[in-house]
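Presented below is the structure to which this report refers.
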Amino acid sequence: MEFNLSNISSESNKQEKVHTSVLVLGSGPAGLSAALYAARAELNPVVLGGMEFGGQAALTHIIENYPGFPDGVGGSDLAELFKKQAERFGARFEFDVATEVDLSKRPFYLKSYNKEYLADTLIITTGASPNHLNVPGEKELTGRGVSYCATCDGWFFKDKDVAVVGGGDSALEEGLFLTRYAKSVTIIHRRDQLRAGAILQERAKKNEKMRFIWDSIVTRINGSEKVNSLNLKNVKTGEESDFPVDGVFIFIGHTPNTQLFKGQLEMDEKGYIVPDLLMRTSVPGVFAAGEINDPNYRQVITSAGMGAAAAIQATRFLEDHESA
Ligand SMILES: Cc1cc2nc3c(=O)[nH]c(=O)nc-3n(C[C@H](O)[C@H](O)[C@H](O)COP(=O)(O)OP(=O)(O)OC[C@H]3O[C@@H](n4cnc5c(N)ncnc54)[C@H](O)[C@@H]3O)c2cc1C
């Protein structure tokens, strides 16, 4: 059976099948930027956006560090603008989730809940999700005092008391960053020792704004409009307490959304895809961009930059293969 750019019905399972030269998986900043660049190259990309249009960026009330918006921009507003710009040049959006993938041959095969896709090139931008505490109040107060990004939200806590949950490098690095703004930063750790490197530990312990609560877990985040306290439990004594704070930053790791590609693409031990500098993965024609590659920067601008780079590379890949 021959496929073309228009959707056609499959005889066998009645699902629509779509053949596209560029399939972008994910609609966060990386996916939306990849879509724009592929669309500007007149490749009519299809974006399979998943359940979270705009990705993590859309979860935040205001983004103040994306250039071009001196007064800040709402996370979901920014995503809408990205989408509109990509659509203007021919990108097509599907709000569906990829459930199966076969990268063993080109065109690559992807299945979602509603459709099947054949893609000459694939740009994976499924992001990484910050691990959650999964305690009452966390979800409800995200963006209203609960945060997973100090670079993004630290500024909002000028002269406030904040807590940081975690004991690894990122908890201390982000905690130290928060001391630029906050009145106090209390690290809450479930053990009596930190996992972070020695230099970071020394810096944190020397910092006058840093405090530590050991052997304790957060069992509840309290507040109605904004966070106002945390319920803590000492894991050794069982003692429970109420700890007043204006905000809580949770740094207990990230999980890259790469489960779908296990065994098909090379990944590091944490499950991050490790492309080369040209965003190429271990499978020619498959590119990866954004937080799925990036345990370091985790920003809208860095993810968007990688998305653009991946789309440029996908365009070059198609040119090389068409002219071969
Ligand atoms: C609360 C919060 C506030 C933040 N604030 C800021 C800020 O102020 N400034 C800043 O620069 N950064 C901020 N960040 C970080 C920023 O949002 C991320 O770095 C950025 O969104 C990462 O972009 P991405 O496209 O790589 O991945 P993500 O944004 O994680 O997007 C992943 C996309 O993949 C899709 N997806 C996943 N699985 C599938 C699947 N199986 N099929 C189809 N689609 C799938 C999802 O639906 C989503 O659209 C914040 C993050 C959070 C959580």
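The values are calculated or read from the model by the stated rules, or taken from the named source; none is laboratory data. All values reported here derive from a predicted model rather than from experimental measurement. Using ideal geometry, Cβ is built from the backbone for each residue, glycine included, and neighbour counts are taken over all protein chains shown. For the accessible areas, the whole protein counts, side chains as well, though only heavy atoms, and no ligand, DNA or RNA atoms are used. Shrake-Rupley method; radii C 1.70, N 1.55, O 1.52, S 1.80 Å.
Just give me the residues in region 264-316 being small (Gly, Ala, Ser) and in contact with a strand residue (DSSP E or B) (Cβ under 7 Å, 6 or more places away or on another chain), in sequence order.
The answer is 271, 285, 288, 289, 310, 311, 314.
Can you name the residue in region 73-95 that is part of a loop (DSSP other than H, G, I, E, B) and surrounded by 16 or more Cβ atoms within 10 Å (Cβ to Cβ) and, of all such residues, is farthest from the ligand (Cβ to nearest atom)?
Filtering first and then ranking leaves 89.
Given (1) assigned to a helix (DSSP H, G or I); (2) at pLDDT below 95; (3) out of contact with any strand residue (DSSP E or B) (no Cβ under 9 Å at 6 or more places or on another chain), where does residue 36 come up short, assuming only one miss?
Here residue 36 meets the rest and fails (2).
Going through region 234-259 one residue at a time, which ones are outside any loop (DSSP other than H, G, I, E, B) and either crowded, with 17+ Cβ neighbours inside 10 Å or touching a Leu at 6+ places or on another chain (Cβ under 9 Å) (or both)?
Of everything in region 234-259, those that are outside any loop (DSSP other than H, G, I, E, B) and either crowded, with 17+ Cβ neighbours inside 10 Å or touching a Leu at 6+ places or on another chain (Cβ under 9 Å) (or both) turn out to be 240, 241, 242, 243, 244, 247, 248, 249, 250, 254, 256.
Does region 282-319 hold any residues that are within 15 Å of the ligand (Cβ to nearest atom), at negative phi and either among the hydroxyl-bearing types (Ser, Thr, Tyr) or open to solvent by 50 Å² or more (accessible area, probe 1.4 Å) (or both), and which are they?
Across region 282-319, the qualifying residues are 295, 296, 297, 301, 302, 303.
Find the residue count for region 46-72, including only residues that are of a type in the set (A, V, I, L, M), modelled with pLDDT of 90 or more and more than 6 Å from the ligand (Cβ to nearest atom).
The number of residues fulfilling the criteria is 2.
Please tell me if residue 47 is more than 18 Å from the chain's Cα centre (by Cα), buried (at least 16 other Cβ atoms within 10 Å of the Cβ) and not in a loop (DSSP other than H, G, I, E, B).
The answer is no for residue 47.
Going through region 107-136 one residue at a time, which ones are in contact (Cβ under 8 Å) with a residue 12 or more places away in the chain and under 13 Å from residue 250 (Cα atoms)?
129, 130, 131, 132, 133, 135
Residues that are within 30 Å of residue 154 (Cα to Cα) and open to solvent by 30 Å² or more (accessible area, probe 1.4 Å): does region 97-112 have at least one?
no
Condition first: among the hydrophobic types (A, V, I, L, M, F, W, C) and in contact (Cβ under 8 Å) with a residue 40 or more places away in the chain. Now tell me which residues in region 47-90 satisfy that.
Hits for region 47-90 are 47, 48, 51, 53, 57, 59, 63, 78, 79, 82, 86, 89.
Specify the residue that is most open to solvent (accessible area, probe 1.4 Å); the eligible residues are those in region 178-230 that are assigned to a loop (DSSP other than H, G, I, E, B) and hydroxyl-bearing (Ser, Thr, Tyr).
Ranking the candidates gives 224 first.
Out of 122, 110, which single residue is near the ligand (Cβ under 9 Å from one of its atoms) and over 30 Å from residue 183 (Cα atoms)?
Only one candidate qualifies: 110.
Is it the case that region 260-267 has a residue that's at positive phi and either part of a loop (DSSP other than H, G, I, E, B) or surrounded by fewer than 19 Cβ atoms within 10 Å (Cβ to Cβ) (or both)?
Yes, region 260-267 contains a residue that is at positive phi and either part of a loop (DSSP other than H, G, I, E, B) or surrounded by fewer than 19 Cβ atoms within 10 Å (Cβ to Cβ) (or both).
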